[in-house]
Amino acid sequence: MAFVYYNPNPSGKRVGDCVIRGIAKVTDQTWEQVYIAVCAQGFSCHDMPSANSVWGEYLKGLGFVREILPNACPSCYTVKDFCKYCPKGVYLLATGSHVVAVVDGDYFDAWDSGDENPLYYFEKGEH
């Protein structure tokens, strides 16, 4: 379990596009491909691409399944904890204000978000 620096944004920006960066990692697509696809999803939903429901629908269309984390201790369960307890698989974790990609126990982000508290996640299903 480790933090891995990951920022596919072509301009190196790291604020405001965590959903696009995270989806790019868990789907093996470029930042540009994901940006266009999520914007198109937003257009078809008549909502902003950054809306959870928009990018969530995009992931569901790719075979990801949404799961809620138990509410036993929401402020003490971190991204690092998730990685420790889920060492295999491909996930996109959502906090109240951030999204981070997790692949086989490592978390990929433009900054070390390991102490953030995830609320729910999408897991890559088998095709």
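A few remarks follow.
- Selected from Cys18, Cys39, Cys73 as most flexible by GNM, with the chain as the system and alpha-carbon contacts under 10 Å: Cys73
- Likely footprinting exposure, Phe43, Phe64, Phe3, fewest C-beta neighbours within 10 Å first: Phe43, Phe3, Phe64
- By the Cβ distance rule (another cysteine Cβ under 4.7 Å), the unpaired cysteines of the chain are Cys18, Cys39, Cys45, Cys83, Cys86.
- Taking a sphere under 10 Å around the Cβ of Gly114 and counting the other residues whose Cβ falls inside, with K and R at +1 and D and E at -1, yields a net charge of -4.
- Rounded to whole numbers, the Karplus 3J(HN,Hα) couplings from phi for region 5-21 are 5, 8, 8, x, 4, x, 9, x, 5, 9, 10, x, 10, 4, 4, 5, 4 Hz, using 6.51 cos²θ - 1.76 cosθ + 1.60 with θ = phi - 60°, and x at Gly and Pro.
- In degrees, nearest ten, helix 52-61 long axis to first principal axis of the chain (Cα): 90 degrees
- Restraint check, Lys60/Lys80; Lys13/Lys84; Lys60/Lys84; Lys13/Lys124; Lys80/Lys124, Cα-Cα greater than 23 Å: Lys60/Lys80; Lys13/Lys84; Lys60/Lys84; Lys13/Lys124
- Residue among Asn52, Asn117, Asn71 with the largest mean-square fluctuation in a Gaussian network model of the chain, springs linking Cα atoms under 10 Å: Asn71
- Spin-label model distance (nm) - Lys60 vs Lys88, 7 Å beyond Cα toward Cβ: 2.8 nm
- Charge tally in the Cβ shell below 13 Å around His98, where Lys, Arg are +1 and Asp, Glu are -1, His98 excluded: -3
- Charge tally around Asn7: other residues with Cβ under 12 Å, Lys/Arg +1 each, Asp/Glu -1 each, net +2.
- For the chain, the antiparallel share of DSSP beta bridges with both residues in that region comes to about 85%.
- Using a cutoff of 8 angstrom between alpha carbon atoms and counting only pairs six or more residues apart, the relative contact order for region 17-127 works out to 30 percent.
- Selected from Ala72, Ala37, Ala24 as most flexible by GNM, with the chain as the system and alpha-carbon contacts under 10 Å: Ala72
- The chain, helix-only ellipticity at 222 nm - DSSP H runs n ≥ 4, -39,500 (n - 2.57), divided by all residues, nearest 500: -10000 deg cm²/dmol
- Computed label-point distance, nm, for sites Asn52 and Leu69 using a 7 Å Cα→Cβ extension: 1.3 nm
Each reported figure results from applying straightforward, stated rules to the coordinates on display, with no laboratory input. This one's a predicted model, so the numbers in the text were calculated from it and none came from an experiment. Quick reminder, even Gly has a Cβ in these numbers, built from the backbone with ideal geometry, and neighbours come from all protein chains shown.
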